[in-house]
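A.B. asks: I have a structure I would like to understand better, so I am pasting it below and will then ask my questions one at a time.
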Amino acid sequence: MKLISTTFFFFFSLYFFSQDLLLGGKLWAGTSINYKINKKTSLNIDDLHSITTSTNRFSFNQVSVGLSRKLSKKTKIKASYALGIYNWSNSYKTLGIEPTANNLAGIHRFGLDASNKFRITKRLRVKHTLSIQYYTKALNKYQIRSIYRFKIYYYKKNNPLSFSPFLEPMIYYYNGGVPVLYKDDNNKITHYKSSNGFHRFRIKTGVKLKPIESLSNFSIILYYMMQNEFNFSNSKTPINTIENNSTTYLEPTIKAKTINPFNNYNVIGLHLIYSLKK
């Protein structure tokens with residue numbers, strides 16, 4: 001009981017002390033149901049709901065269904081489909097996405113994951129995951145995202161509440177978004193192509209635990225995450241670029257348009273996981 005109180009106190013304290021960081025940030029609430037079909041195959045159903053903290057307004061909701069299979073004790077693959085629901089805006093219209101009756105935008109995505117885990121020490125473990133996500137519509141920054149996750153976590157079999165803290169950095173590669181017209185400092189066109197490249201980094205830290213002893217198949221994850229988009233200094237296809245790719249000849253009074261601005265934010269999240277067996 002003391003461990004539960006300490007854990008919740010830590011995350012509620014983190015929330016209140018992070019209000020400045022969370023201005024324009026998000027609160028995420030998720031649920032997962034994992035149904036074990038047999039020893040190697042599982043059906044996974046996930047839901048994630050997001051609220052923007054500065055306005056307390058709906059940000060997005062994502063529902064996904066996946067089928068995972070163990071190739072070995074430490075290696076797993078997963079195929080999935082996800083439907084994301086977002087507030088509709090005119091920017092979606094240019095992508096050929098029409099609003100629903102509730103003025104929302106639906107975005108479809110297919111994914112393939114491969115993961116492998118191993119021990120560093122008796123208590124410390126690592127999980128590598130490589131994901132490829134394909135969107136049925138080309139979005140402004142990408143149509144295909146490749147994601148690499150490196151999760152390091154503490155595990156002790158008889159730990160109270162199965163308490164397991166973790167740290168998980170992630171890096172994203174964007175490919176195939178809506179092409180951008182790039183120009184040099186002399187306003188001459190250099191190329192017209194998608195903003196392909198490594199453009200997003202996330203780092204997530206938190207704790208996974210089982211708060212109810214009689215429900216060993218029920219877990220919760222409490223976490224804090226930071227997201228930053230970026231350009232490498234030598235990138236020829238940057239995001240967050242001025243419309244003409246240069247400000248050297250713009251007058252200060254002229255308002256330049258930024259193409260594909262950085263989407264940086266912080267997240268505090270809660271995720272509930274329930275596992276079932278056939």
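A.B. asks: In what order do Asp184, Asp47 fall by count of nearby beta-carbon atoms within 10 Å, going from fewest to most?
C.D. replies: On the way: Asp184 12, Asp47 15.
Fewest to most other Cβ atoms nearby, the residues stand as Asp184, Asp47.
A.B. asks: Give me the base-10 log of I(q)/I(0) for the stretch 107-212 at each q in 0.11, 0.12 Å⁻¹, Debye formula, one uniform scatterer per Cα, rounded to two decimals.
C.D. replies: Taken in order of the listed q values, log10 I(q)/I(0) reads -0.52, -0.59.
A.B. asks: In whole Hz, what ³J(HN,Hα) sequence does the stretch 27-41 give by Karplus (6.51, -1.76, 1.60; θ = phi - 60°), x for Gly and Pro?
C.D. replies: Result, ordered by residue: 10, 10, 10, x, 9, 9, 10, 10, 10, 7, 6, 8, 4, 10, 10 Hz.
A.B. asks: Taking the chain as the reference, fit the longest principal axis to its C-alpha atoms, fit the long axis of helix 2-17 to the helix C-alpha atoms, and give the angle between the two in degrees, 0 to 90, nearest 10.
C.D. replies: For 2-17 against the chain, the angle is about 10 degrees.
A.B. asks: Grab the DSSP H runs of the chain that are 4 residues or longer, score each as -39,500 (n - 2.57), total them, divide by all residues and round the 222 nm result to the nearest 500 deg cm²/dmol.
C.D. replies: -2000 deg cm²/dmol
A.B. asks: Among the listed pairs Lys73/Lys151; Lys26/Lys122; Lys93/Lys193; Lys93/Lys151, give every one whose C-alpha distance is greater than 27 Å.
C.D. replies: From the list (Lys73/Lys151; Lys26/Lys122; Lys93/Lys193; Lys93/Lys151), the Cα-Cα distance tops 27 Å for Lys26/Lys122; Lys93/Lys151.
A.B. asks: Report the one residue of Phe262, Ser214, Ser146 whose Cα lies farthest in the direction of the positive end of the charge dipole of the stretch 2-277 (charges on C-beta: Lys and Arg +1, Asp and Glu -1; origin at the Cα centre).
C.D. replies: Ser214
A.B. asks: Also: Which label belongs to the value computed from this structure, given these candidates for Cα extents along the principal axes in Å: [x] 86, 56, 28; [y] 51, 41, 39; [z] 67, 46, 41?
C.D. replies: Computed from these coordinates, Cα extents along the principal axes in Å corresponds to label [z].
Taken together, the values in this text are just the output of simple stated rules run on the coordinates, not laboratory data. A quick note: this is a predicted structure, and the numbers were derived from the prediction, not measured. Here Cβ is always computed from backbone atoms with ideal geometry, including for glycine, and neighbour counts include all displayed protein chains.
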